[in-house]
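Accompanying notes for the structure given below.
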Amino acid sequence: MSATITTRQVGDVTVVDASGKITLGEGSAMLRDQVRNLLGAGNRKILINLGEVNYIDSSGIGELVSCFTTVTGQSGQLKLLNLTKRVHDLLQITKLYTVFEIHDDEAKAVRSFS
Amino acid sequence: MPGTLDTSLESNLESVNKAEALCVDACKQIGLDEDGCMDLGLAVREAMINAVAHGNKYDTAKQVRLILESRADSLRITIIDQGDGFDLNRVPDPTEGDNLLRGSGRGLLLIQTFVDEFTVKKTIGGGAEVTLVKYTISD
């Protein structure tokens, strides 16, 4: 299943719903473009929902990190929502679990943005 | 089912996907479970990305050789590129310090996590030859 990325607004938080594969040549570039577009439009509170992401490779993981550093570098906040077991395990292996703020409840995640 | 597949692939992303799919098929044939197949498929994907992108730099004149050896107790995958090779000991640890926030450099960590043996050699031509081994029966 190839990647799809859509966005929706919940209050002042933009939720990015990703699904399918976030890999080199597929979802990775889509995710980068989407986050850049959001920043360009002035959105600084971004919640990436990975609940339907069934596969991610090191490029996809790297893209999440790049999005995080780009957003925080522009005084924004980027958080993750609904990790599948596979993504959760890979973030633990790469020790990125400590870098990202991760939520499993969307309403609470939205409220957590300052 | 024991057997060997030895093929040359072009230096592009299609080859990465093809190698991963071939590996997952071979995993199923030797009886690895679904998670095991996905893990080893990811390891092969990462090794192929290294070969295609970092080794051959997507040069259409260069090939990646993929050798899949199915044995009774293991699957051995060898990937050979025509780049400049690399020294595993000189690759930065992506989990340390500032490396944690880099946008790349995690492929080798994932490979080493998901295989039982991982070796890197330099070929006579100067490219990298990496071998991944996964055993079906653990001690």
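Laboratory data are not the source of any read-out in this text; all were calculated from the coordinates shown. Remember, predicted model here, so these are calculated numbers, not experimental data. Backbone-built Cβ (ideal geometry, glycine too); neighbour counts: all protein chains shown.
So here's what we get for this one:
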{"item": "Sorted largest first, extent of the protein assembly as shown alpha carbons per principal axis (Å)", "result": "57, 35, 31"}
{"item": "Distance from segment B:78-117 to segment B:5-48 (C-alpha centre basis), Å", "result": "18"}
{"item": "Estimated FRET transfer efficiency when R0 is 25 angstrom, pair B:L5-A:D89 (beta carbons, to 0.05)", "result": "0.30"}
{"item": "Lys, Arg +1 and Asp, Glu -1 on Cβ, resulting dipole of segment B:3-135 about Cα centre, debye, nearest 20", "result": "340"}
{"item": "Among B:R45, B:R102, B:R71, residue whose mean-square fluctuation peaks in a GNM of chain B (springs only between Cα atoms under 10 Å)", "result": "B:R102"}
{"item": "Rg to Rh quotient for chain B, alpha carbon positions, Kirkwood Rh", "result": "0.96"}
{"item": "For chain B, built as a Gaussian network whose Cα springs stay under 10 Å, the top-fluctuating residue of B:E20, B:E117, B:E46", "result": "B:E117"}
{"item": "Nearest-20 debye value, chain A charge dipole, Cβ charges on Lys, Arg, Asp, Glu", "result": "220"}
{"item": "Label-point gap, in nm, between A:S112 and B:A72 - each point 7 angstrom along Cα→Cβ", "result": "5.2"}
{"item": "Positive-end residue of A:T94, A:V13, A:G73, charge dipole of chain A with Cβ unit charges", "result": "A:G73"}
{"item": "Selected from B:L32, B:S74, B:P94, residue furthest toward positive end of dipole (segment B:14-102; charges at beta carbon)", "result": "B:S74"}
